[in-house]
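Read through the structure below, which is laid out as structure tokens, and then see the notes.
Bear in mind these aren't lab numbers, they're just calculated from the coordinates by the rules spelled out. Quick caveat, the model's predicted, so the values are computed rather than measured. Here the Cβ positions follow ideal geometry from the backbone for every residue, glycine too, while neighbour counts run over all protein chains shown.
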Amino acid sequence: MILTAVVRLHKVLAQAGVASRRKCEELIAAGRVKVNGEIVTIPGSKVDPHRDHIELDGKAIQLLPERVYFLLNKPVGYVSTVRDPQGRPTVIDLLPVQRRVYPVGRLDIDSEGLILLTDDGELAQRLTHPSYEHEKEYHVLVDGRPTERTLRHLRDGIELEDGYTWPAEVSVLRREEKNTWLRFVIHEGRKRQLRRMCKAVGHPVRRLIRVRMGPLTIGNLSPGQHRSLTPQERELLAEAVGLPGEH
């Protein structure tokens, strides 16, 4: 994104790839950011990123000339974090890049499929914030053969320990002898949501693949493979989250 002359401080930090906008607000409020040598604790303070000297923990913040966006087909066995305290492999290990990027949203270690990695903090914040309600599509293999009544229950909402789920699109992709492939389209991002929903109706998940997130689709990427977003995909993504088209 191209910065204008005067921009809010937390937005500058996010656009520099420091973290999401919300996290940048926390960093500022904690007194870890200086502008021209003075500590600033108000996230909405306005700065000129091309003239003002901005520091985080004593280190100068450099504007990134161009954002990077990678679409990855995450295999099972990788965690969707930058680093893992348990030493498990992360999605970052699958990218041969030196730039600091981080995954957008979560996909648990037992799940696979599409995940976006970027250094664009503002885009990441908008893609994951519930208020934007971006669609996410999954192909899910469950035990057994769910009835139409069960499918309606999944569509209407399931009561979980953290409340009722939002209405979802649920349809049968194909039935096997002992299992069924279902297609889910949801707008939420609760932890292990689909696994908990399916378990609640008596059909535990055997395999879960995310195939679409907003306008992005996994296409023919094999597990472990990644590619950069095309200019057209970047435009569609920016439009979907209400950002200008410089992404």
- Compute from the Cα atoms of segment 7-60 the Rg and the Dmax, the latter being the longest Cα-Cα distance, and quote both in angstrom. 9.4, 24
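Just to be sure I understand: if I project the alpha-carbon convex hull of segment 36-174 onto a plane and average over all orientations, what area do I get in nm²?
The Cα convex hull of segment 36-174, projected and averaged over all directions, gives 12.7 nm².
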- Item | Cα pair distances exceeding 26 angstrom across the chain, given as percent | 46
- Built amide H within the under 5 Å cut-off of Ser111, gap 5+: Gly77
- By the mean-Cβ-within-10 Å protection proxy, highest first, 86-93, 172-179, 213-220 rank as 213-220, 86-93, 172-179
- Message: Taking 27 Å as the cut-off for C-alpha to C-alpha distance, list the pairs among Lys136/Lys199; Lys23/Lys46; Lys23/Lys59; Lys34/Lys136; Lys11/Lys59 that go past it.
- Response: Lys34/Lys136
- With Rg from the Cα atoms and Rh as the Kirkwood inverse mean 1/r over Cα pairs, segment 135-213 has an Rg/Rh of 0.92
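Before rounding to the nearest 500, sum -39500 (n - 2.57) across all DSSP H runs of length at least 4 in the chain and divide by the residue total; then give [θ] at 222 nm in deg cm²/dmol.
For the chain, the value works out to -5500 deg cm²/dmol.
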